[in-house]
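Down below is the structure, laid out as C-alpha cells.
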Number of protein chains: 2
Amino acid sequence: MTQQTTKAKRVEETGRAPGFVSDYLLYLLAAASDAASAQFHAKVRKAGLRVPEWRVLACLADTDGAMITQLARRALAEQSRLTRIIAQMEDRSLLIRRSDPADGRRVRVYLTDSGRALAAELVPQAQKHEAALMEMLQGNEGAQLKPALKSLLAALEAQEDWQG
Amino acid sequence: MTQQTTKAKRVEETGRAPGFVSDYLLYLLAAASDAASAQFHAKVRKAGLRVPEWRVLACLADTDGAMITQLARRALAEQSRLTRIIAQMEDRSLLIRRSDPADGRRVRVYLTDSGRALAAELVPQAQKHEAALMEMLQGNEGAQLKPALKSLLAALEAQEDWQG
DNA sequence: ACAAACAATATGATTTTTCATATAGTTTCG
DNA sequence: CGAAACTATATGAAAAATCATATTGTTTGT
C-alpha cells in the first residue's frame, strides 16, 4: 500500500496516468503537436499574427500565388475559414487577392512586400526553434521522427485518394 | 521548361509544395495529427460525442475521479472549456461531478454506468483504428514513431517544469 | 450552343473556443 | 489567529471556427 500511495501521488503530480491514453498514437500526435508548437506560437502572436495567419504566410513564402483551396489544405484550415483569414490579411496589407485570368473562379493570393518582410522575419525564427526542438531529440529517435511523420502522412493521403 | 511545367502541375495536383513548410517539424506534427485523427473523429461524432468529450471519456476510463485541471491537461483543452464540457456531459448523464471532501475547491469527475459503457464501446474502436494506422507504417519508421513522440513530449514537459 | 454537372469562393447563422476575471476554498507566515 | 498569497473552478463577453448553402464561373455531353 505504500507503493500504491506513492504511485498515485506521482500520477497526480505529473498529470500523466498509466493506461490507454498515454500510449495512444492519436493522443501522442496531438499532445506532441500542441506542446511543441506552444512556445513558437506565442512568438507568432507577439508578432501580431494568429496561428492560421502565420501558416498562410509561411505557405505563401514557399509558393506565392496559391489559391484559396490549396492554402486551406496546406495551412490545415477549412475553406470558409481561409476565405475570411485571407480577407483580414488583405485588410492588413500582408497580401493581395487577384482572380486567376485563366479561371475566374479561382482567387490567387500574393504576398505584399510587407507580408514578405514579415515572413522573412518569422521563417528563420521558426527554423531556429525547430533546430532547438531537434536538439532535444538527439539520438536516433530524433533522426527518425520527421521521416516517420512524413511516411504516415503519405500513407494517409494515399488512402484518401482511393476512398474519399 | 517542360520540366518546370510538369513539376508545377504535380505541385498543383498533390497540394504539396517543396520548400520550408513541407519539411517543418511543427507542420508535420500538426498535419499528421489532423490526418491521422480524421477518420476516427468522424466515428466519435457519429457516436454523439464531440472530440473533446471523447478525450474526457477516454481519460476518465483510464483514471476515474480526476479533477478538472488534470482533465484539461490530459484532454488537451483549456480549463474553462473543460468546465463547460464536463457540465454538458453531466447533463447527458455520462459522468457526475463531486466536490473533493479533502479540498473543497476541487471537483472530481466520475463516469456513470452509461459513460463507462460508451467508453467501453469507443476505446476498443480507437485501438482497432490505431492498429490500422500502425500497420500502414510497417518497417522501423513505424516502430520508432511512438517512442520518438514520447521522448519529445517528455523533453518538452521537463523544459516547462524549469521555465514556466 | 445549351443544359446539367461540377468547381472555387463567399456568406449567414450557429456553435465552439478563448480570454479575462470573478468566486470560493486553502495554505503560508508573521 | 488573520491577512496575503495562492489554487481550483466558474462565468460573461468576445473572438474564432464550422456548417450549410448561396453565388459565380467552368466543363462536359448532346
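Only the coordinates and a few stated rules stand behind these numbers; no lab work does. The structure displayed is predicted, hence computed values, not measured ones. Glycine also receives a Cβ, built like all others from the backbone with ideal geometry; neighbour counts cover every protein chain displayed.
Distances between copies of A:Lys128, taken at a point 7 Å out from Cα along the Cα→Cβ vector and listed shortest first: 5.0 nm.
Compute the semi-axes of the equivalent ellipsoid of segment B:119-164, taking the square root of 5 times each eigenvalue of the Cα gyration tensor, and list them largest first in whole Å.
They are 28, 18, 5 Å, listed largest first.
What is the angle, in °, between the Cα long axis of helix A:51-62 and the longest principal axis of the Cα atoms in chain A? Nearest 10 is fine, range 0 to 90. Taking the Cα atoms of chain A, the angle to A:51-62 is about 60 degrees. Helix A:79-91 and the long axis of chain A differ in direction by around 60°, with both axes built from C-alpha atoms. Averaging 1/r over every pair of different alpha carbons in the protein assembly as shown and inverting the result gives a Kirkwood radius of 21.8 Å. List the pair-distance distribution P(r) of segment A:39-163, using every Cα-Cα distance, as the percent of pairs falling in each 10 Å bin from 0 up to the bin containing the longest distance, rounded to whole percents. Spelled out bin by bin, segment A:39-163 gives 12, 35, 32, 18, 3, 0 percent. Summary for B:Asp34: label point 7 Å along Cα→Cβ; distances to the equivalent points in the other copies, ascending, 1.8 nm. In terms of packing, defined here as the mean over residues of other Cβ atoms within 10 angstrom, the peptides B:102-112, A:143-153 line up highest first as A:143-153, B:102-112.
Using only helices, what value at 222 nm comes out for chain A when you add -39,500 (n - 2.57) per DSSP H run of length 4 or more and divide by the total residues, to the nearest 500 deg cm²/dmol?
Computed mean residue ellipticity for chain A: -23500 deg cm²/dmol.
In terms of its Cα atoms, segment B:44-102 spans 39, 22, 22 Å along the principal axes, sorted from long to short.
Projecting the Cα atoms of A:Ala102, B:Gln163, B:Pro18 onto the dipole axis of the protein assembly as shown, where Lys and Arg carry +1 and Asp and Glu carry -1 at the beta carbon, places A:Ala102 farthest toward the positive end.
Take each residue in A:94-105, count the other chain C-beta atoms within 10 Å of its C-beta, and the mean is 0. Sort out for me the Cα centre separation of segment B:138-164 from segment A:121-164, rounded to whole Å. Each part's Cα centre sits 13 Å from the other's. Relative to the longest principal axis of the Cα atoms of chain A, the long axis of helix A:2-14 lies at roughly 10 degrees.
Residues of A:138-145, mean number of Cβ from any other protein chain within 10 Å of their own Cβ, rounded to a whole number? Walk me through the intermediate numbers first.
Working: counts 1, 2, 4, 8, 5, 2, 8, 11.
Shielding by partners across A:138-145 averages 5.
Under unit Cβ charges (Lys, Arg +1; Asp, Glu -1), what dipole magnitude, rounded to 20 debye, does segment A:16-164 have relative to its Cα centre?
460 debye
Please give the average number of partner chain Cβ atoms lying within 10 Å of the Cβ of each residue in A:55-68, rounded to a whole number. It would help to have the intermediate numbers written out before the result.
On the way: counts 4, 0, 0, 6, 6, 1, 3, 7, 9, 0, 0, 4, 1, 0.
Partner Cβ neighbours, averaged per residue: 3.
Given contacts defined as C-alpha pairs under 8 Å and at least six residues apart, what's the relative contact order of chain A, whole-number percent? Don't jump to the answer; show the numbers that get you there.
Numbers: 104 pairs, mean separation 26.0, N = 164.
Across chain A, relative contact order equals 16 percent.
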